[in-house]
Structure formats: C-alpha cells, structure tokens
1. Helix check for the chain. Which DSSP H runs span at least 24 Å along their own axis by Cα, with a mean Kyte-Doolittle hydropathy no less than -0.5?
2. Along the Cα→Cβ direction, 7 angstrom out, place labels at V427 and V219. What is the inter-label distance in nm?
3. With θ set to phi - 60°, apply the Karplus curve 6.51 cos²θ - 1.76 cosθ + 1.60 along region 405-419 and write out the HN-Hα couplings as whole Hz, x wherever there is a Gly or Pro.
4. Send over the per residue convex hull volume for region 354-476, Cα only, as a whole number of Å³.
5. Is region 170-326 rounded, prolate or oblate when judged by the Cα gyration tensor, a ≥ b ≥ c being the square roots of its eigenvalues, rounded requiring a/c under 1.5 and prolate requiring a/b larger than b/c?
6. Once every DSSP H run of n ≥ 4 in the chain is given -39500 (n - 2.57) and the sum is divided by its residues, what mean residue ellipticity at 222 nm do you get, rounded to the nearest 500 deg cm²/dmol?
7. Give me log10 I(q)/I(0) at q = 0.12 Å⁻¹ for the chain, Debye formula, one equal scatterer per alpha-carbon, no solvent.
8. Carbon-plus-sulfur fraction of the accessible area of the chain, 1.4 Å probe, in percent?
Amino acid sequence: MSVWTPAAGARPAGNPTGEAQAGPTLAQQLAAFAAHTARHGVPDAVAVSVGQRTLDVLGLCVAAHRLPTSAAALDHVLDQGGHPVATVVGEPTRVSAAQAAFANGVLAHSLDYDDTHLPSVLHPSASVVPAALAAAEHAGVPGEVAVRAIAVGIEVAVRLGMAGYDADLGNSVYFEHGQHATSITGAMGSAVAAAIAYGLDEQGIADVLGLTASMASGVIEANRTGGTVKRLHCGLAAQAGVTAAQLVRRGFTGPPTVLEGRFGFFEAWLHGQFFPEAVTEGLGTDWSVPGIFFKPYPANHFTHTTVDAGRAFAGRGITPEHVATVVVGVAGATVRTIGEPIEVKRAPETGYQAQFSGPYAFAAGLLGGGGLGTSLDDYSDALAQDPARRALMAKVEVVPDARCDEIYPFQFPAVVTLTTTDGEVLVEEVLTNRGGPARPLSDDELATKFRDNVAGRLSPEAADSVRDDVLSLHTATDLAAVLKPLSTFTPGESP
C-alpha cells in the first residue's frame, strides 16, 4: 500500500477561524485521500478493524428487529418501491440502494449498541457501513472495494467530527449546540464511502461532499427528554450519502469550499469556529478506525462505566438491601444526558429511556445481566418499570465529578460512591471504558456479542457462516451472496 500525503498549500494547523487559505480546499484534500486509498488499499490493521465493525453493525441490524420502530421503518421502505438492487437485513425483498442504506442505518443505530469514537463522541459505523454496503452491492463491486470504502468513510466522518472538538472546552462543539455529530458527519462519511463504491473519481468525491453538506442534519434533544427520532438519524445519514453519490454520477456538482467556506459546513454547524488541522493532519498515515470503541453494553456510552461500577459492587457482595445512597460522579458534560431531568432518569418508562439513565445503569450493573455484562434483554420496558429497580434508582444521584472532567471525553469515566445502610462508604472508580484501546474486547467477546445479537433469528450455523464471510470481506467476490443469509430469519425462532 502506498501512502497519500496532503498537497502543498494545506491550511495550517491551529487556525480555527475558517478564513480562506491558498491551495487545495479541505474537501479537495479529503477527496484526494479517498481516491488514492480506493486505488491502493488500506493498512492490514485497518482492514481487520473494518471487518469487525461490519460484523458488529450487521449483528445490531438483526437484533434491532425486536423494536416496533424497526418494523415501521421497514414498512416505510417497502412502500417506496424502486429497483431491487440491495439487501435489507431481515427483509427478503431487495430495494433500491438508498432505501437499503436508510433501513440498515436505522437498524444499526436503534439499539444504541454501535461503536463510538472518542473524543469526538460520534458513532461512525452505523451510517457508513450501511451506505457502503448498499452502494457496493448496487455497483456489483467486490468486497475489497467495500472494505476500502468503509475505511475511508469512517475516517472522513471521524475527522470532520474532530474538527468540531474544542480541546479547551473539553467537548464537541456540535454537542454543545444540540447537534448530533453522528448523523451530521456520518452523512459526509457515508457519501465518500458510496462515492468509492460507485467508482467516482477525485473530483466526483469532492462534489459528493459538496452535495451532502446540504443534506446532513441531526438534533439530539431526544437524548434528554425522550422520543424515538434518534433511531432514524444514521439511516437518514446513510441514505443522504448514497443519494448524493448517485446524483453526482448524474452530473450534479458541489462547491469546492463546502467545508471551510463563508457559508459552508463548518459555518453552518460550528458557527465558523473549527479546527482544520483535525481534518488533514496525518491523513493517509494516522488511521482512526482501529481505535474506535466497541460497545460491550447496549446503552448510551456515557453509562457504561457506571454499569462496570455496579458490577464491581456486586462482586464485593453488595445487594440492593445494603444500599442507602449512591452518588454517580461523571463528567459534567454528560450529566444532562444521563442524569437530567433526574426524576425522569430515576423512573424510565421504557427500555429505551433506561439506556440513557445513569441510575438505571447502576441498577443493571448491580443486579447483573446477560451478554458481556448487560444484554439487550436487560433493557426491556418491564425491567425499566420494575418496582425493585425503581426503588434502587430512587437512591441514585448523578453529579459532576472534577476528576472525570479531567479525563472526558477521551474516556467516559465514573466515580461511584455507595453508602451502605450500616453507614459504610464504598467507592468504585472506573476511569477507562471497556471496549476501547485501554480495555479492548477480545475476538471471542466480539463473537459473543454477535451471537447474542442474532440468536433466535439466525441459526448457529448461519451465524457462524456470516461471521466468517464478513470477517474475510476483503476476499469476497459477490457481496449479495455474503448478505443474502441475513435477508431472512429462521422460521419460528424469532423472539
């Protein structure tokens, strides 16, 4: 594999003003990187990670069929009609590429079980993988092209997300503005992935970014007060990316300064205060893909270390009868998501609301669960409303913690202080996230997660076959054949 390097004239590091600079624009530099990688390939570690992430996404798509919103999204897709060229997980009827990307993107993100990049705090694979697979299947290209498309698409999404990460603020500016960077930058990454799958050249990839910037969106208020709209976000992002690539194939063009221009992407989303070095520094040599965090638990990532703390207390022999009070200390920026409004977080009405609840995370960890510690079955509506869990949650506070602030958002730490009914004060500090580079999931653990997600819908033999084929996606000659076992589920086995 040869290495691409940015062209001369790249905008200097440390210039967050958005002012014009001589030389290639940011979109042109990303397009040059993407076109080079499409021709020459990705490092082996990146290709391996792409296979793992693709398997993770497809397992989540299968598992998400338990949700009524998934059925609604699939009904919507089937109602659109169109050319049958791409596979929807769990649906024997093939649909158009854009609709397949939408459906699978909705499924991939609906369970809040998909991977997370830190410190940008976005979930890149849930949009990029569905977009790339749909476009690649439609184009009839081999698996190696899909692997390259996914790798570049994820990298673009992450870098555009990092352009909005303010180190002084210690948080994503997208998030501070109420925006869902996952769907906003995910649309851009999906577009580049689809462009590679469709064989667009460097100019075409730049144009795809120019179109998609007018299609990217996402408002994150549902994290705080409810609603299921967030489940649509990655589907809409994937659909936008595929649609933009198809329109560029037909002659549409975009502005070369779409990212840094006076009325461009960064002005619209970040009010012009962005960090261009995050887009170009190390592009082509420093890959973000292998370091993205897998989720061991099916809940908002901010809650995971609280689950770990609950599990640790259980390991020390603590039961709910021993608990007088619990204080969950987390980074201040996450309190609004998992601790406010506290009365809602202590009494979630649904399993979906429980996924965003710090008090519920502690209860789930303490009481134990399936999978890798907690499983999808641990976030049911019935358990969210369980009187015993609610009694425990009523004792839990979620507060800002200074030590956690120092670490966030490179990890989502928790310092949990439990006072027993005997007055003893116990503390569990969980300062790194399981599933990230500091505490990676093993191949066996990732396989366990996939098997759990497809259990009851794919036979063990089909699950093993899909796993093997996806992990060797770079050798596949027929993507439709790889995806076909996922289009129908085992009769009579669905939970």
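The values are calculated or read from the model by the stated rules, or taken from the named source; none is laboratory data. Because the structure is predicted, anything quoted here is derived from the model rather than measured. Ideal geometry is used to build each Cβ from the backbone, glycine not excepted, and the neighbour counts take in all protein chains shown. Keep in mind that these areas ignore ligands, DNA and RNA; they rest on the heavy atoms of the full protein, side chains included. Shrake-Rupley method; radii C 1.70, N 1.55, O 1.52, S 1.80 Å.
1. Qualifying helices: 44-63, 143-162, 230-249.
2. 4.2
3. 3J(HN,Hα) across region 405-419, in whole Hz: 4, 5, 9, 4, x, 6, 9, 10, x, 9, 10, 10, 10, 10, 9.
4. Value for region 354-476: 149 Å³ per residue.
5. In terms of gyration-tensor shape, prolate.
6. -14500 deg cm²/dmol
7. So the normalised log intensities are -1.01.
8. 53
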